[in-house]
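Report on the following structure.
The numbers here are math on the coordinates, done by the rules we state, and not lab data. It should be emphasised that the depicted structure is a prediction, and the values quoted were computed from it without experimental measurement. Cβ placement follows ideal geometry from the backbone for every residue including glycine, while neighbour counts extend to all protein chains displayed.
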């Protein structure tokens, strides 16, 4: 191992100076405006609100008490009152130290726990042993009832909620009661049906020469009387072939007049299909 030596102009002639080993510098506590701070300031001020502690929120003293029991997996029917009371009071002291708003009901519960603890610690006369009920019974009943309601509230909260988990969608559904109007009948179809009636009339016609007084208005009344039952009647059944061509023409004109005055309804399901008539007149 070699040792480095150095001579100094101020040292006597022949003196040997050994090099000083390097030393580790002190770590600064902070860097303020580029300058290291090595010592804690004596006038350092920390605002009381600089440290924010977030505690679990409880809805009441029973909720806090149930939390302390469940956190340690304790049996709710056999509560160690001494330990639970200590933890409960410690939590209240913590709330006071943090200057949190402390409701009066928390203090009432602390008093109840202290009373139960004192009743358990007090000796009982031998004659009364087994007679007095457990001082914790009422508290256990309240805790069980609170736990049931809390579980029910959690189940309700877990249910799907409108406008949170789903949205209601509405759609317009047209009325399914469709009114089917009878198809219209063209004049050409009526003329074709009339042609068939005239052909049958010629087969049954005779040559009796006489003047027959036929009125379209009277025939309109006869047609309405024949179809006055409100049912559909075939077009050709309204003609009497024995009346000949003149009678058929008068009946046809009467049918046209009744259709014009909206006293009858003429329908046909498809072209060249049978034509039906139905009375629209209200029976008096």
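Report the label-to-label distance for residue 161 and residue 122 in nanometres (one decimal), using points 7 Å from each Cα along the Cα→Cβ vector. Rounded to a tenth, the inter-label distance reads 4.7 nm. Ordered by the number of other Cβ atoms lying within 10 Å of each residue's own Cβ, fewest first, 166, 239 fall into the sequence 166, 239. If you sort the three axes of the alpha carbon gyration tensor as a ≥ b ≥ c, you get a/c of 1.5 or more for the range 187-279 and a/b no higher than b/c, which makes it oblate. For the range 243-283, the square roots of the Cα gyration tensor eigenvalues, ordered a ≥ b ≥ c, give a/c of at least 1.5 with a/b no greater than b/c, which places it in the oblate category.
The modelled label-to-label distance between residue 245 and residue 93, using points 7 Å beyond Cα along the C-beta direction, is 12.9 nm. Applying 1/(1 + (r/R0)^6) with r as the Cβ-Cβ distance of residue 217 and residue 176 and R0 = 45 angstrom yields a FRET efficiency of 0.50.
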